[in-house]
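K.L.:
I'd like to ask some things about the structure below.
The values are calculated or read from the model by the stated rules, or taken from the named source; none is laboratory data. The structure displayed is predicted, hence computed values, not measured ones. Positions of Cβ are generated from backbone atoms using ideal geometry, with glycine treated the same way; all protein chains shown enter the neighbour counts. Areas reflect the complete protein model, heavy atoms only, side chains present, ligands, DNA and RNA absent. Shrake-Rupley method; radii C 1.70, N 1.55, O 1.52, S 1.80 Å.
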Amino acid sequence: MSKRILMVLTSHDRLGDTGEPTGFWLEKLAAPYYACLDAGAEVTLASPKGGQPPLDPKSDAEESQTDATRRFQQDAQAQQALANTHKLSEVSADDFDAVFYPGGHGPLWDLVEDADSIRLIEAFWAQQKPVSAVCHAPIVLLHARDPQGELIIRNRQVTGFTNEEEEAVGLTNVVPHLVENALTAAGAHYSKADVFVPYTRQDGLLITGQNPPSSEPVAQLLLKALDK
């Protein structure tokens with residue numbers, strides 16, 4: 001039977017009070033989406049509000065395009081799935097083998113505090129199913145707890161978008177959380193590589209990636225974890 005992977009996208013579309021739009025980052029969805037599909041997995045998309053999630057327009061710019069993003073934009077089935085994401089409140093960990101959170105700045109505002117997202121992560125964890133996130137999305141793990149009531153990330157190896165990377169994109173004073181600081185403060189063993197160099201951490205069933213170049217490597221680790 002093919003593996004069923006839930007990918008959870010942000011519904012948040014405003015970059016703080018800058019007046020600029022934000023959302024999910026196309027490449028961080030497209031690369032893992034095809035890594036999973038091409039490996040024979042089924043992928044289901046969900047978001048807090050359901051329907052079409054907001055795309056960060058910068059990730060749609062020509063210089064941000066990759067083979068995976070171009071494939072995604074020309075893939076009618078993928079576009080259909082994206083336009084009709086399931087509502088987070090209506091999905092259950094029971095129906096999937098793993099969960100993956102693509103990055104973008106949006107999750108820093110909504111998914112980090114979203115009760116349905118937290119409930120979902122806790123359910124995947126309790127059922128001993130892989131939980132994965134890349135770039136800004138590891139912030140979604142911040143409040144999730146294991147069945148004993150401990151924070152899932154406490155004393156575990158994690159990575160995520162670095163303070164230097166946030167500085168490089170000029171949003172240090174705009175974002176409500178710096179991923180590196182938040183994960184460290186929650187008691188995670190946070191580590192990182194150089195700016196925009198692929199870097200992943202796997203601690204048992206918890207798999208995280210630092211930045212955009214890490215999105216496909218995280219998906220590959222997730223697929224390996226599912227094969228075990």
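K.L.:
Summing -39500 (n - 2.57) over the DSSP H runs of n ≥ 4 in the chain and dividing by its residue number, what mean residue ellipticity at 222 nm do you reach, to the nearest 500 deg cm²/dmol? Walk me through the numbers on the way to the answer.
P.N.:
On the way: 7 runs with 66 residues, N = 228.
One gets -8500 deg cm²/dmol as the mean residue ellipticity at 222 nm.
K.L.:
Which whole-percent values make up P(r) of the chain when all C-alpha to C-alpha distances are grouped in 5 Å steps starting at zero?
P.N.:
With a bin width of 5 Å, the distribution comes to 1, 7, 16, 22, 23, 17, 10, 3, 1, 0.
K.L.:
Subtract the Cα-Cα distance of residue 73 and residue 168 from 0.36 nm times their separation in residues, and report this length gain in nm to one decimal. List each step's numbers first, then the result.
P.N.:
On the way: separation 95, 0.36 × 95 = 34.20 nm, distance 2.74 nm.
Roughly 31.5 nm would be gained on extension.
K.L.:
Still on this structure, please answer the following. Two decimals is fine: what's Rg over Rh for region 66-151, C-alpha atoms, Kirkwood radius as Rh? List each step's numbers first, then the result.
P.N.:
Working: Rg = 14.2 Å, Rh = 14.1 Å.
Using only Cα positions, Rg/Rh for region 66-151 is 1.01.
K.L.:
Can you work out ³J(HN,Hα) from phi for every residue in region 57-74, in order, using Karplus 6.51 cos²θ - 1.76 cosθ + 1.60 and θ = phi - 60°, giving whole Hz and x for Gly and Pro?
P.N.:
Here the 3J(HN,Hα) series is x, 5, 7, 9, 5, 4, 5, 8, 7, 9, 4, 5, 5, 5, 4, 5, 5, 9 Hz.
K.L.:
Tell me the net charge near residue 151. Cut-off is 14 Å between Cβ atoms, residue 151 excluded, with +1 for each Lys or Arg and -1 for each Asp or Glu.
P.N.:
Values: positive: 145, 154, 156; negative: 122, 146, 150, 203.
Net of charged neighbours comes to -1.
K.L.:
Still on this model: Spelling out what I want: for every residue of region 18-28, take phi, set θ = phi - 60°, compute 6.51 cos²θ - 1.76 cosθ + 1.60 (Karplus), and round to whole Hz; glycine and proline get x.
P.N.:
6, x, 8, x, 9, x, 8, 9, 3, 4, 6
K.L.:
Then there's this: Roughly how many Å² is the accessible area per residue of the chain, as a whole number, for a 1.4 Å probe? Write down the numbers at each step before the final one.
P.N.:
Details: 9720 Å² over 228 residues.
About 43 Å² of surface per residue is accessible.
K.L.:
While we're looking at this one, here's another question. Convex hull over the Cα atoms of region 6-77, averaged projected area in nm²?
P.N.:
Values: hull surface 21.0 nm².
Here the figure is 5.3 nm², rounded to one decimal.
K.L.:
Taking a label point 7 Å from the Cα of residue 116 along the Cα→Cβ vector, which residues of region 64-94 have an amide N closer than 20 Å to it?
P.N.:
80-94
K.L.:
Taking the Cβ of residue 110 as the centre, find all other residues whose Cβ is under 11 Å away and add up their charges (Lys, Arg: +1; Asp, Glu: -1).
P.N.:
Numbers: positive: 14, 49; negative: 13, 113, 114, 116.
Net of charged neighbours comes to -2.
K.L.:
Right, here's the next one. Relative to the Cα centre, what is the charge dipole magnitude of the chain, using +1 at the beta carbon of each Lys and Arg, -1 at the beta carbon of each Asp and Glu, and rounding to the nearest 20 debye?
P.N.:
On the way: 18 positive and 32 negative charges, 125 e Å.
Dipole of the chain, to the nearest 20 debye: 600 debye.
K.L.:
Further question: Return one quarter of the surface area of the convex hull spanned by the alpha-carbon atoms of region 136-228, equal to its mean projected area, in nm².
P.N.:
6.0
K.L.:
If you don't mind, there's one more thing I want to ask. Among 5, 103, 126, pick out the residue whose Cα is farthest towards the positive end of the charge dipole of the chain, where Lys and Arg carry +1 and Asp and Glu carry -1 on C-beta, about the Cα centre.
P.N.:
126
K.L.:
Then there is this: Can you tell me, using C-alpha contacts under 8 Å and at least 6 residues apart, the relative contact order of the chain as a whole percent?
P.N.:
22
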